[in-house]
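Enquirer: Quick one: this structure, given as structure tokens, is what I'll be asking you about.
The values are calculated or read from the model by the stated rules, or taken from the named source; none is laboratory data. Everything numeric here is computed off the predicted structure, so don't read it as measured data. Methodologically, a virtual Cβ is constructed for each residue, glycine included, from the backbone with ideal geometry; neighbour enumeration extends over all protein chains shown. The area values use the complete protein model at the heavy-atom level, side chains included, leaving out ligands, DNA and RNA. Shrake-Rupley method; radii C 1.70, N 1.55, O 1.52, S 1.80 Å.
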Amino acid sequence: MVGSALFQPIFEDMSTNANSAQTVRRHSYGKFFLGAIVATLALAALWMVIAWQWNYSEGERAGWVQKFSKKGWLCKTWEGEIALVSMPGAIPEKFEFTVLDDAVAAQINRYMGQRVSLTYAQKVGLPTSCFGDTRYYVTAVLPVNEPQNYPGVITVPVNPAPAPAAAPVQPAAPVTPVQPAQPAPPAPPAPPAQPAPMPVQPPAVTTTPGLPSAPAPMPSQSGAPAVPGAPSAPSAPSGSAGVVQPATRP
């Protein structure tokens, strides 16, 4: 009993030291786990900041806005879809995107059904869907004026330009009446035909046997008859007019 009384303080000190060691060990484990959790959260926050500030890719996409809506369970984001057509008749390719800015979302709603050009930035490594269903975040939108529509796509102008004012119609110039044609003056009558002059027959020439025949008088150039009282030469016989026959001697 005396020995147990002597060693009791020693046992009490040993149990106290053991309890204190266990308490210190427990506190150290708790601090380690708490520090690990804090470090993990800090690393996750740092990773999210880096992933949000750094862009994996940047570019533009052009197409027709087909669907655009705001959805989400807790984190509401604008989600949209455009149809990319490379050539007429080809199967359209869809491009899904996310919009976080309400001003950009209002512009896209204004251009619904039209061809637009979207400026986007692609981010990689963002956790959960609170940042959007996609990782393509649209930052700007511009309408694309496309005069030709592809098959299956109908474009509706949002703000049609007012029609230009019609030019004032000038009054028509007065029509000058057409004067009737004046009748042509009658042609003067043709002069009567002059009768052809009758040919002058030379007088007949008779020959007396034993006398020389006189030459027949030549007709005048003006066709006037011979002078009356002038001796007329005998005429040549028929068939020999104008030919002087030699006189025959008895």
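Enquirer: Can Val124 be described as among the aliphatic types (A, V, I, L, M) and either surrounded by 13 or more Cβ atoms within 10 Å (Cβ to Cβ) or assigned to a helix (DSSP H, G or I) (or both)?
Expert: Criteria not met by Val124.
Enquirer: Next question, about the same structure. Does Thr98 count as under 30 Å from Ala45 (Cβ atoms) and part of a loop (DSSP other than H, G, I, E, B)? Please lay out each step first, then the result.
Expert: Numbers: under 30 Å from Ala45 (Cβ atoms): yes; part of a loop (DSSP other than H, G, I, E, B): no.
Answer is no for this residue.
Enquirer: Cβ-Cβ below 7 Å, separation at least six or inter-chain, first residue in region 131-160 and modelled with pLDDT of 90 or more, second in a loop (DSSP other than H, G, I, E, B) and open to solvent by less than 50 Å² (accessible area, probe 1.4 Å): which pairs?
Expert: Pairs found: Arg135/Lys123; Arg135/Leu126; Tyr137/Lys123; Val141/Tyr111; Pro143/Tyr111; Pro143/Gln114.
Enquirer: Are any of the residues in region 55-73 touching a Ser or Thr at 6+ places or on another chain (Cβ under 9 Å), within 26 Å of Asn145 (Cβ to Cβ) and open to solvent by 90 Å² or more (accessible area, probe 1.4 Å)?
Expert: So far as region 55-73 goes, yes, one or more of its residues are touching a Ser or Thr at 6+ places or on another chain (Cβ under 9 Å), within 26 Å of Asn145 (Cβ to Cβ) and open to solvent by 90 Å² or more (accessible area, probe 1.4 Å).
Enquirer: Of all residues being basic (Lys, Arg) and under 46 Å from the mean Cα position of the chain (by Cα) in region 25-72, which is nearest to Val99 (Cα to Cα)? Just the residue, please.
Expert: So the residue we want is Lys70.
Enquirer: Continuing with this model, one more query. Report yes if Gly132 is in a loop (DSSP other than H, G, I, E, B) and surrounded by fewer than 14 Cβ atoms within 10 Å (Cβ to Cβ), otherwise no.
Expert: no
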